[in-house]
1. What's the total number of residues in the stretch 70-114 that are among the aliphatic types (A, V, I, L, M), under 27 Å from Ser164 (Cα atoms) and open to solvent by 30 Å² or more (accessible area, probe 1.4 Å)?
2. Being within 28 Å of Arg82 (Cβ to Cβ), open to solvent by 20 Å² or more (accessible area, probe 1.4 Å) and basic (Lys, Arg) is the requirement here; does Lys148 meet it?
3. Check Ser114, Ser119 and return the single one that is assigned to a loop (DSSP other than H, G, I, E, B) and closer than 23 Å to Ser77 by Cβ.
4. For the stretch 156-176, give me each residue that is surrounded by fewer than 20 Cβ atoms within 10 Å (Cβ to Cβ) and among the charged types (D, E, K, R).
5. Quick one: would you say Glu135 is surrounded by fewer than 19 Cβ atoms within 10 Å (Cβ to Cβ), part of a helix (DSSP H, G or I), modelled with pLDDT under 95 and not hydroxyl-bearing (Ser, Thr, Tyr)?
6. Taking the residues in the stretch 115-130 that are of a type in the set (A, V, I, L, M, F, W, C) and under 12 Å from the mean Cα position of the chain (by Cα) as candidates, determine which candidate is least open to solvent (accessible area, probe 1.4 Å).
7. Does Ser175 satisfy the condition of being at pLDDT below 90, of a type in the set (Ser, Thr, Tyr) and more than 23 Å from Leu64 (Cβ to Cβ)?
8. Return the pair list, or none, for Cβ contacts closer than 6 Å from residues in the stretch 174-185 that are on the phi > 0 side of the Ramachandran plot to residues that are open to solvent by less than 10 Å² (accessible area, probe 1.4 Å) and part of a strand (DSSP E or B), at least 6 apart or on different chains.
Amino acid sequence: MKHFLAIAPLALLAACNSQPAPDPAPADDSANALPVPPVEPTKPSASAPEAAAADPNILRLEGLGDLRIGQPVPAGSSWAVRGAQASDACLVLSSPDYPGAYAIVEGDKVRRISIGQRSKVKLVEGIGPGATEAEVKKYFPFPATPHKYVDAPGKYLTAPNAASGDSALRFEIGSDGTVSQIHVGTMPVLGYVEACS
């Protein structure tokens, strides 16, 4: 018994210092594994807004193509005076690159860009000439005012910020209830060519 008492502390000490036996190595299943095809990196695709940003036929509050609201017409631009003008102070420009579109330049700065029925230009939302009033209101629930020259249901749908002097959006709804023109620009020429005369 004395011999056991003398050995017991040594056995306990050895048990505390011993490491557990390692788990057996996992079985090699490579013979049964299915081949994994290599993963090829994919090119990031352009998102819809990025693709729209690169589209020259998108009308934005900032402008269209190289024209910018509140800026001079860039040198070498395809936008130029073509045809008769209301005055020397207010010019109407067009571009062969944008049929059915025109710009109003006043004081050497672009004040408004308008697109009409012959234009393939649209807003980033896909709204363009020929869109229904319901399609417009889905994205732009602007207040309506009577059209100056077209009987009802003709009207203007104008962004509430138009009177602020910031670039704003206005839709002209024709007598058939569809968009006849879209204007982007600043007041007072937003929507009225006669403001230049």
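The values are calculated or read from the model by the stated rules, or taken from the named source; none is laboratory data. Quick caveat: nothing in here was measured; it's all calculated off a predicted structure. For neighbour counting, all protein chains shown are included, and Cβ atoms are generated from backbone atoms with ideal geometry for every residue, glycine included. Remember, those area values only see protein heavy atoms, side chains included, never the ligands or the DNA or RNA. Shrake-Rupley method; radii C 1.70, N 1.55, O 1.52, S 1.80 Å.
1. 5
2. Working: within 28 Å of Arg82 (Cβ to Cβ): yes; open to solvent by 20 Å² or more (accessible area, probe 1.4 Å): yes; basic (Lys, Arg): yes.
Yes; evaluated as a whole, the condition is true for this residue.
3. It is Ser119.
4. Asp166, Asp176
5. Taking the combined requirement at face value, the residue does not satisfy it.
6. Leu123
7. On the way: at pLDDT below 90: no; of a type in the set (Ser, Thr, Tyr): yes; more than 23 Å from Leu64 (Cβ to Cβ): yes.
Criteria not met by Ser175.
8. Gly185/Arg112
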